[in-house]
1. What's the number of the only condition in (1) within 11 Å of chain A (Cβ to nearest Cβ); (2) touching a Cys at 6+ places or on another chain (Cβ under 6 Å) that B:Ser126 fails to meet?
2. Would you mind stating whether A:Gly114 is closer than 28 Å to B:Arg236 by Cβ and among the small types (Gly, Ala, Ser)?
3. Give the residues of region B:19-43 that are more than 14 Å from every other protein chain (Cβ to nearest Cβ) and among the charged types (D, E, K, R), sorted by residue number.
4. I'm trying to understand the selection: among the residues of region A:129-141, which are of a type in the set (A, V, I, L, M, F, W, C) and within 8 Å of another protein chain (Cβ to nearest Cβ)?
5. Given the criteria touching a Phe, Trp or Tyr at 6+ places or on another chain (Cβ under 9 Å) and of a type in the set (A, V, I, L, M), does B:Met221 qualify?
6. Which residues, counting only those in region B:204-252, are polar (S, T, N, Q) and within 25 Å of B:Ala134 (Cβ to Cβ)?
7. Where in region A:310-350 are the strands (runs of 3 or more DSSP E), entirely inside, with at least 1 residues that are within 14 Å of chain B (Cβ to nearest Cβ) and either loosely packed, with under 13 Cβ neighbours inside 10 Å or touching a residue at least 60 places away in the same chain (Cβ under 8 Å) (or both)?
8. Just checking, does region B:232-251 include any residue being outside any helix (DSSP H, G or I), assigned by TED's automatic domain parsing to the domain that holds B:Asp321 and surrounded by fewer than 22 Cβ atoms within 10 Å (Cβ to Cβ)?
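The values are calculated or read from the model by the stated rules, or taken from the named source; none is laboratory data. Here the structure is a predicted model, which is why all the values come from computation and not from measurement. Cβ coordinates were reconstructed from backbone atoms using ideal geometry, including for glycine residues, and neighbour counts include every protein chain displayed.
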Number of protein chains: 2
Amino acid sequence: MSGSRKDYVRPLDLRNGRVDMGHGAGGRSSAQLIEELFLAAFDNDWLRQGDDGASLAIPSGARMVMATDGHVVSPLFFPGGDVGCLSVHGTINDLAMCGAKPLYLAASFILEEGFPLADLQRIVASMAAASRAAGVPVVTGDTKVVERGKGDGVFISTTGIGVAPAGVNVAGANARPGDAILLSGTIGDHGVAVLSKRQALDFETTITSDTAALHGLVAAMLKASSRIGVLRDPTRGGLATTLNEIARQSKVGMVLEEAAIPVLPQVDAACELLGLDPLYVANEGKLVAICAADAADDVLAAMRAHPLGERAVRIGTVTEDPHRFVQMNTRFGGRRVVDWLSGEQLPRIC
Amino acid sequence: MSGSRKDYVRPLDLRNGRVDMGHGAGGRSSAQLIEELFLAAFDNDWLRQGDDGASLAIPSGARMVMATDGHVVSPLFFPGGDVGCLSVHGTINDLAMCGAKPLYLAASFILEEGFPLADLQRIVASMAAASRAAGVPVVTGDTKVVERGKGDGVFISTTGIGVAPAGVNVAGANARPGDAILLSGTIGDHGVAVLSKRQALDFETTITSDTAALHGLVAAMLKASSRIGVLRDPTRGGLATTLNEIARQSKVGMVLEEAAIPVLPQVDAACELLGLDPLYVANEGKLVAICAADAADDVLAAMRAHPLGERAVRIGTVTEDPHRFVQMNTRFGGRRVVDWLSGEQLPRIC
């Protein structure tokens, strides 16, 4: 937007004001919301241009990757994050899991009438900070407003584009029998953090979400080895569902070692209390990698050298299996099938 | 998704079934919804791959354009369209208004628990048909579900990427004093069509939305002249707000001829009845173009030769004006200022 403050009768009341239907009507108050709240936070040349879309430079000859993710997490603020940073991390991670370097983000906001502008500003500031920290700007956006009772505060759909370097071919269908299955760290942190806040549970230790942008970790891993076939972040449905998805796409089975899968003691305790299995609880800053067995040590070393992969471990092996079962050798010496998440365990976790 | 029907106990009940929280939980029933409803409609290799993002070919050396648009129209079905085709047209038009050829779409769905699967299927089919007709595939997507009373049926955020040919430089800041202001057809059709359905008004003639993808029209116009500076589709806020936005971005004034602006008689009558000014009513298949005065005839001829521009007209002239006023010579010989839309006229029109 190229205007100046004097176009508006008075500045937005960012302390006590609330979203009203006019903020979504496309007129002067929409323009004011964009300028004084969104543009003030995301501040960059693409948004300042004020056009219907952003014009972007793309390295020539590159393969583009596009990913989109809607964020409806409830509550909007939780230990370790909020819907704002989550919506940046989630989409960056979707791109990174395709082996791409994320370049640009677009954000579509659906706001509920009456939502406090101060909360919106806090969310947008968190989003802007996450975007800056990741080096991936929000270059275009859209805002709609729905009547009170027709939404739930703020929904954010974030779409990203990135480029995949030549030679990188990472996809869910690339797992081969004999490959190693690696995990970047502890599981269940995000889901339990959100749930603890939602249910106002008071654990002795605070459990914080692991929400983080994983593209730096992925870049380090791809640099360490060209033999990584699959990358996937175990979000909704947790590690168990993610591995089942990959087994299905690659037409393989898997055998996991339960004892190798890291779970923070406080997350383990909370899951026991809540009747949850950490294998099915969402993560927002973890990844699974599947690579050739003899590349596993190099990839693990690269992961452990990165702050977001310090606790990286090998958790299992890809097998030949016409049933595409994900199985697990338990701590007690047995073996069981680890199925997909069925139905709903934790709604609105991301 | 690479699986087969036998992975699920029974197929989705697309006739009587409803969206439930499990459809958004990321487990087996999410996968089933994606496969049997979304993938069945959009059917293409990118989606079939089943990864977190889509890998895309982009012409090398091109300038990319990215645009995003949330769609919360109420009601979801209206004369001439529905939220599905609207969400495709809206985003394609945002790209086209940047002078870009649209290439790919991403769709993020936020569904309300209890929404009929049959309605969802109808919306997705309309989206898929619009996408196919426009030649712009939906290559990746995401689905979330919120509890009953926390959403409103279906919200769709659609993001598009496209490429701008070398030499095309279309932006809101490019209007110059002396330029001609062109309009591709009648105004107000979309907003009045939605409102008539919402208020269950029974006009003698059905008023249908003008929702349409304008990239073909734009391509014809850009081929006819390289001297088009601005393109913009007058959606929310209508023609009046769109022209004020451009005046502000370009730091110019405008003078319009009221008698030249086409309004269908039934739309005019409905606006009178409803107390609306067609200048502020949303359109979804119209565009404004601003071009050098001596290129106006060529551009108008190209517009009129295209089915979506048959009623194209010149409606005014860009002026030098430090106040950036949009003014209008009225039918009665006077002149008045045409201001931005203030507050809310028609909520949730797109």
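1. It is condition (1) that B:Ser126 fails.
2. Values: closer than 28 Å to B:Arg236 by Cβ: yes; among the small types (Gly, Ala, Ser): yes.
In short, yes.
3. Restricting attention to region B:19-43, the residues satisfying the condition of being more than 14 Å from every other protein chain (Cβ to nearest Cβ) are B:36-37, B:40-41, B:43.
Answer for region B:19-43, where residues must be more than 14 Å from every other protein chain (Cβ to nearest Cβ) and among the charged types (D, E, K, R): B:Glu36, B:Asp43.
4. Residues of region A:129-141 that are of a type in the set (A, V, I, L, M, F, W, C), as a first pass: A:129-130, A:133-134, A:136, A:138-139.
The one that is of a type in the set (A, V, I, L, M, F, W, C) and within 8 Å of another protein chain (Cβ to nearest Cβ): A:Val139.
5. Details: touching a Phe, Trp or Tyr at 6+ places or on another chain (Cβ under 9 Å): no; of a type in the set (A, V, I, L, M): yes.
Judged against the criteria, B:Met221 is not a match.
6. Here is the first cut: in region B:204-252, the ones polar (S, T, N, Q) are B:205-206, B:208-209, B:211, B:225-226, B:235, B:241-242, B:244, B:249-250.
Residues satisfying the conditions are B:Thr206, B:Thr208, B:Ser209, B:Thr211, B:Ser225, B:Ser226, B:Thr235, B:Thr242.
7. Details: elements: A:313-319, A:326-329, A:335-337.
Passing ranges, in order: A:326-329, A:335-337.
8. Just the residues of region B:232-251 that are outside any helix (DSSP H, G or I), to begin with: B:232-237, B:251.
Restricting the remaining residues to those that are assigned by TED's automatic domain parsing to the domain that holds B:Asp321 gives B:232-237, B:251.
Narrowing the set further to residues that are surrounded by fewer than 22 Cβ atoms within 10 Å (Cβ to Cβ) leaves B:251.
Looking for residues that are outside any helix (DSSP H, G or I), assigned by TED's automatic domain parsing to the domain that holds B:Asp321 and surrounded by fewer than 22 Cβ atoms within 10 Å (Cβ to Cβ), one finds at least one in region B:232-251, hence yes.
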